[in-house]
1. Here are some residues: Leu150, Leu109. Which one is under 28 Å from Ile82 (Cβ atoms), modelled with pLDDT of 90 or more and of a type outside the set (Lys, Arg)?
2. Identify the single condition in (1) within 15 Å of Leu33 (Cβ to Cβ); (2) surrounded by fewer than 15 Cβ atoms within 10 Å (Cβ to Cβ) that Leu78 does not satisfy, given that it satisfies every other one.
3. Within region 64-75, can you find the residues that are under 29 Å from Asn21 (Cβ atoms) and surrounded by 11 or more Cβ atoms within 10 Å (Cβ to Cβ)?
4. Pairs only if they're at least six apart or on different chains, beta carbon under 7 angstrom, first in region 22-40 and farther than 19 Å from Asp70 by Cβ, second modelled with pLDDT under 90 and surrounded by 13 or more Cβ atoms within 10 Å (Cβ to Cβ); list them, first residue then second.
5. With the requirement that a residue be charged (D, E, K, R), under 30 Å from Met65 (Cα atoms) and free of Cβ contacts under 8 Å to residues at least 12 places away in the same chain, what does region 79-106 give you?
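The values are calculated or read from the model by the stated rules, or taken from the named source; none is laboratory data. What you see is a predicted model; the values in this text were computed from it and never measured. With ideal geometry, Cβ positions are generated from the backbone for all residues, glycine too; neighbour counts draw on all protein chains shown.
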Amino acid sequence: MAFQRRKTRQSSNIFHMLSKNQLVELREAFNLLDTDADSKLTKTDLVSFLGTIGSPFSDAEIEEMIQELDPNPTYIVLLTLIGERLSEMSSEKELLAAFRVFDDDNDGLIDYTLLMNWMTKNRDNPITRDDYDYLLRGCIEEGQINYRKLVDKMKHGEFIET
């Protein structure tokens, strides 16, 4: 029986996916959530943190968030989960090809309304208009969506200018 190597390998190693600054920011966020400073996230931590920001979530929604995690995850467990989720995302090449379908002029731009209608109305799992606008923040140029910027944002996160 012959074995073949995969041509491309997707790694879920979070330390290769994120920059040093992103890892530091995630650590800071974890520390904010870990209200009792025991290096583990619990439902009590989450409820306490959300209470400080005027929680918009119901008990059922909070419970659903906790169920997605291992019981009382540590920072490393949380990073591993983030890495697994990021590795499930399509490659940049695949995302660019998908958006290129909407690029009639082959100029790297998509009509804002065309994509909005497809994403908010013509799908099995439409997103809300608010989520659509949030997703496209920083990717709109003269009423058109720069989908290369959008793919970069989807794969590498939002860059905030300081």
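1. Just one listed residue meets the conditions, Leu150.
2. Leu78 satisfies all of (1) within 15 Å of Leu33 (Cβ to Cβ); (2) surrounded by fewer than 15 Cβ atoms within 10 Å (Cβ to Cβ) except (2).
3. Answer for region 64-75, where residues must be under 29 Å from Asn21 (Cβ atoms) and surrounded by 11 or more Cβ atoms within 10 Å (Cβ to Cβ): Met65, Ile66, Leu69, Asp70, Asn72, Pro73, Thr74, Tyr75.
4. Gln22/Gly157; Leu32/Phe49
5. Of everything in region 79-106, those that are charged (D, E, K, R), under 30 Å from Met65 (Cα atoms) and free of Cβ contacts under 8 Å to residues at least 12 places away in the same chain turn out to be Arg85, Glu88, Glu94.
Quick grid of which residues meet (1) assigned by TED's automatic domain parsing to the domain that holds Phe30; (2) loosely packed, with under 12 Cβ neighbours inside 10 Å; (3) under 30 Å from Leu32 (Cβ atoms):
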position: Asp104; (1), (2), (3): no, yes, no
position: Leu109; (1), (2), (3): no, no, no
position: Tyr112; (1), (2), (3): no, no, no
position: Val151; (1), (2), (3): no, no, yes
